[in-house]
Amino acid sequence: SGDESCSDITSIKGDKDIYYYSDEYMSDNYANIAVLVEEKDLPKTIAEMVRWNGKTYPCATPLYYFNNSPYFYTDAQIERALDRMRQQEKYSDICELTTGNNKRYLYSTIHMSEKYARALAEGVEYGEYGYR
């Protein structure tokens, strides 16, 4: 019946490798993020996270999200990735908007309209006390 001590080990097939992790200690979503970060395909990582956030929460994703853990992308890396994404059909659903306080957000047209994405982003930025 297999070794019970390994029953929590599962795998994800990335583009470059197969990755193994314990689903007792790591959520499937975090494992997916870890694979994306490890494989260093910034356009794919950005697109998948924007789509996931739009579908799951739903929310638009601020560019500064990718400056933080576990990504730690620089602004220059993000700009290069966005330039590459604009040239590839598979990322045509990823669109950008700018809030009233000049924060850039990404959203996926698969999961929301620009109007809805803008309302969500402005809600985050404007908050209870106005723009941050």
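List of remarks:
- Some residue of the stretch 98-113 being farther than 26 Å from D17 by Cβ, in a helix (DSSP H, G or I), small (G, A, S) and at pLDDT 95 or above: no
- Filter result for G100 (in contact with a Phe, Trp or Tyr (Cβ under 9 Å, 6 or more places away or on another chain) and farther than 14 Å from V50 by Cα): yes
- Extreme residue, most open to solvent (accessible area, probe 1.4 Å), among residues of the stretch 61-93 that are β-branched (V, I, T) and not in a helix (DSSP H, G or I): T74
- Every residue from the stretch 100-125 that is exposed (fewer than 13 other Cβ atoms within 10 Å of the Cβ) and within 15 Å of the chain's Cα centre (by Cα): I110
- Members of the stretch 24-43 found to be at pLDDT below 75 and part of a loop (DSSP other than H, G, I, E, B), listed by number: Y25, M26, S27
- Residue match in the stretch 40-54 (condition: surrounded by 12 or more Cβ atoms within 10 Å (Cβ to Cβ), among the aromatic types (F, W, Y) and farther than 27 Å from S11 by Cα): no
- Cβ-Cβ distances below 8 Å connect the following pairs, each with a first residue in the stretch 90-113 that is at negative phi, a second residue that is of a type in the set (G, A, S) and part of a loop (DSSP other than H, G, I, E, B), and a separation of six or more residues or different chains: L97/A60; Y105/A60; L106/A60; Y107/A60; M112/A60.
- The set of residues in the stretch 62-78 being more than 22 Å from G100 (Cα to Cα) and not hydrophobic (A, V, I, L, M, F, W, C) consists of N68, S69, P70, Y71, Y73, T74, Q77.
The values are calculated or read from the model by the stated rules, or taken from the named source; none is laboratory data. Model, not experiment: these values are computed from the prediction. Positions of Cβ are generated from backbone atoms using ideal geometry, with glycine treated the same way; all protein chains shown enter the neighbour counts. Just the protein is used for accessible areas: all its heavy atoms, side chains included, with ligands, DNA and RNA removed. Shrake-Rupley method; radii C 1.70, N 1.55, O 1.52, S 1.80 Å.
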